[in-house]
Amino acid sequence: MQVEEKEFKPTIVAFCCNWCSYAGADLSGTNRLQYPANVKIIRIPCSCRLNPMFILRAFQRGADGVILCGCHPGDCHYTTGNYYARRRMTLLFSMLDFLGIEKERTRVEWVSAAEGQKFAETMNDFVATVTKLGENHRLEDLRCKKQ
Amino acid sequence: MQEAMIARAKELLADGSVSRVMGWKKGEFSYDISPAVFENADQLVDFVYDDFCGANVSKYLINESKKEGKILAFLKPCDSYSFAQLLKEHRIDREKVYVIGIPSYGKADINKIRAKGIDGVLGIKSEGTDFIVDTIYGEEKIAKFEAMSERCLTCKSKKHVDVDEMMGEEGEWNAESKRFDKVAELEAMTPDERFEFWRGELSRCIRCNACRNVCPACTCVSCVFDNPNSDINNKAAASSFEENMFHIIRAFHVAGRCTDCGECSRVCPQNIPLHLLNRKFIKDINELYGQYQAGANADEKYPMVNFTFDDCEPGIVYKRGGNQ
Ligand code: SF4
Ligand code: SF4
Ligand code: SF4
Ligand code: FES
């Protein structure tokens, strides 16, 4: 009997700030730059909107990796939002690591509206990292998994 | 101490400076002491203060300070940090509280006393470096460091923050508290070991929410964990997710505001070392954003509502601490 090996395609949730990275994602699209289709983009008004619960909730519902993209520090549309987000994410990621949850599953990247190239590269790199890690088991909710 | 406190409370009640007293009274047993409000001098017969009075009374002052008249509160050093933090968050009306600082050299943990085979506990006294436990079988002596609750063994400060008067001697900040040692020990483990450690601890959680309810930093009128649509408002046996979510978020919500009073761990019926989560945040904040003690300084901005232009990037987590 032959067991068919299915290639693992991680589910990635990318929270993108409306004013920069979301436009950056658009730009990479119009420039026909490739990034994997399993990156699901969720638009948020500012990186600061990202409640840590959103990240955990994404993992609960089956994400294997979660990335936050926001305006470069200093360029936030609301001036300082991303500085707060930076502190929050640093502490949250450190806590996830403290609980033994693989730290490479979470990431923050600053991508401006003009950086379509960087957006695609970031996503490719992140997907590769998470693919190597495999499925998320440490922050999953069995009830949310497809049988 | 107890007699002196009652006497002082009676004085203040009599001259009208306060109309109520916040303190402790015995529960069903001598060791399950609970915070209590005394409305008049006669009720003070139930007032107790001994080495089982670990409960932090500062959170009760939120509601008490909304009522008519002034309340007298006896605060231990750790309580006074919580109190000061609550003042900073505008949760307590300072004008409505008269604070008497009382020294505390460490409270006893009934579980530790029981673990020593001492049963039928009727009361406790302190004598130098020992606790004298009164039991139905007679008196037992036990060294303080063997029976003190964990948080008291690693107490950060014997000094009060904001008091109107002191009873007994004011203490000092304790720089040698070693309170981050256990956190550092965990950090040095591999992620797999850490995961195992925390699964072992957190999976025992019964989601009674006692840790949240007692925490002086958890004062939200409506809490995220009470939302019935959240999937995490109760314990579901099917998954380990609830515990992770609850504990990460609970600790995160109080990050930068947690004074390390240790109440969460004290009340946990499952003896989960919750303070390790809070201390991890405190340690990180100290290391990454500069030394900070919640409650210590009313004018300082707390770290989660503050930033500098050259804060570290979240990527620092990949580089620092712990093994890969
Ligand atoms: S989280 Fe625990 S240690 Fe921190 S303030 Fe709340 S009860 Fe006290
Ligand atoms: S857990 Fe969060 S939302 Fe609930 S009371 Fe505490 S700080 Fe407030
Ligand atoms: S007090 Fe303990 S058992 Fe209760 S919810 Fe908190 S951690 Fe869980
Ligand atoms: S608007 Fe983009 S990070 Fe604030």
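Residues that are of a type in the set (Ser, Thr, Tyr) and outside any loop (DSSP other than H, G, I, E, B) do occur in segment B:49-64.
Evaluate the following for B:Lys182: is it at pLDDT below 90 and within 24 Å of B:Ser82 (Cβ to Cβ)? In short, no.
What are the residue pairs meeting all of these: first residue in segment B:309-322, first residue facing another protein chain (nearest Cβ under 7 Å) and assigned to a helix (DSSP H, G or I), second residue buried (at least 18 other Cβ atoms within 10 Å of the Cβ) and at pLDDT 85 or above, Cβ atoms under 8 Å, and 6 or more apart or on different chains? Final answer for the pair search is B:Ile316/A:Thr90; B:Val317/A:Thr90; B:Val317/A:Phe93; B:Val317/A:Ser94; B:Val317/A:Asp97; B:Val317/A:Lys103; B:Tyr318/A:Lys103.
Within segment A:127-147, being away from every other protein chain (no Cβ under 12 Å) and not in a loop (DSSP other than H, G, I, E, B) holds for A:Val127, A:Ala128, A:Val130, A:Thr131, A:Lys132.
A single entry from B:Glu64, B:Glu68 fulfils the requirement of being among the acidic types (Asp, Glu), more than 24 Å from B:Cys211 (Cβ to Cβ) and not assigned by TED's automatic domain parsing to the domain that holds B:Asp134: B:Glu68. Tallying residues that are small (Gly, Ala, Ser) and farther than 21 Å from B:Cys258 by Cα within segment B:197-215 yields 2.
Of (1) small (Gly, Ala, Ser); (2) more than 21 Å from A:Asp141 (Cα to Cα); (3) within 14 Å of chain B (Cβ to nearest Cβ); (4) surrounded by fewer than 22 Cβ atoms within 10 Å (Cβ to Cβ), A:Gly100 satisfies all except one. Which? Unmet condition: (2). Within segment B:164-171, is there a residue that is in the same structural domain as B:Val57 (by TED's automatic domain parsing) and among the aliphatic types (A, V, I, L, M)? Yes, some residue in segment B:164-171 is in the same structural domain as B:Val57 (by TED's automatic domain parsing) and among the aliphatic types (A, V, I, L, M).
What residue, among those in segment B:90-132 that are without any contact (Cβ under 8 Å) to a residue 24 or more places away in the chain and touching a strand residue (DSSP E or B) at 6+ places or on another chain (Cβ under 7 Å), is surrounded by the fewest Cβ atoms within 10 Å (Cβ to Cβ)? Applying the filter and picking the extreme gives B:Thr129. Of the residues examined, B:Ile249 is one that is at pLDDT 90 or above and of a type in the set (Val, Ile, Thr). A single entry from A:Gly116, A:Gly81, A:Gly100 fulfils the requirement of being in contact with a Cys (Cβ under 7 Å, 6 or more places away or on another chain) and not hydrophobic (A, V, I, L, M, F, W, C): A:Gly81. B:Arg204 satisfies every condition listed in (1) assigned to a loop (DSSP other than H, G, I, E, B); (2) surrounded by fewer than 16 Cβ atoms within 10 Å (Cβ to Cβ); (3) within 14 Å of chain A (Cβ to nearest Cβ) except (3). In segment B:1-12, the residues that are assigned to a helix (DSSP H, G or I) reach residues that are charged (D, E, K, R) with C-beta atoms within less than 8 angstrom, at least six apart or across chains, in these pairs: B:Gln2/B:Asp50.
Do we have B:Ala36 as free of Cβ contacts under 8 Å to residues at least 24 places away in the same chain and in a strand (DSSP E or B) here? Spelling it out, B:Ala36 is indeed free of Cβ contacts under 8 Å to residues at least 24 places away in the same chain and in a strand (DSSP E or B).
B:Glu263 meets all of the listed conditions (1) buried (at least 21 other Cβ atoms within 10 Å of the Cβ); (2) within 14 Å of chain A (Cβ to nearest Cβ); (3) modelled with pLDDT of 90 or more; (4) within 12 Å of ligand 3 (Cβ to nearest atom) but one, namely (2).
Conditions (1) modelled with pLDDT under 95; (2) closer than 18 Å to A:Glu121 by Cβ, marked per residue:
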residue: A:Met1; (1), (2): yes, no
residue: A:Lys9; (1), (2): yes, no
residue: A:Cys16; (1), (2): no, yes
residue: A:Ser21; (1), (2): yes, yes
residue: A:Tyr35; (1), (2): yes, yes
residue: A:Pro45; (1), (2): no, no
residue: A:Asn82; (1), (2): yes, no
residue: A:Leu96; (1), (2): yes, no
residue: A:Lys103; (1), (2): yes, no
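Please verify whether segment A:36-57 includes one or more residues that are away from ligand 1 (no atom under 16 Å from the Cβ), of a type in the set (Phe, Trp, Tyr) and in contact with a Ser or Thr (Cβ under 9 Å, 6 or more places away or on another chain). Within segment A:36-57 (the criterion being away from ligand 1 (no atom under 16 Å from the Cβ), of a type in the set (Phe, Trp, Tyr) and in contact with a Ser or Thr (Cβ under 9 Å, 6 or more places away or on another chain)), the answer is no, since none of the residues qualifies.
The values are calculated or read from the model by the stated rules, or taken from the named source; none is laboratory data. No experiment lies behind these values; they were computed from the predicted model shown. All Cβ positions, glycine included, derive from the backbone under ideal geometry; neighbour counts span all protein chains shown.
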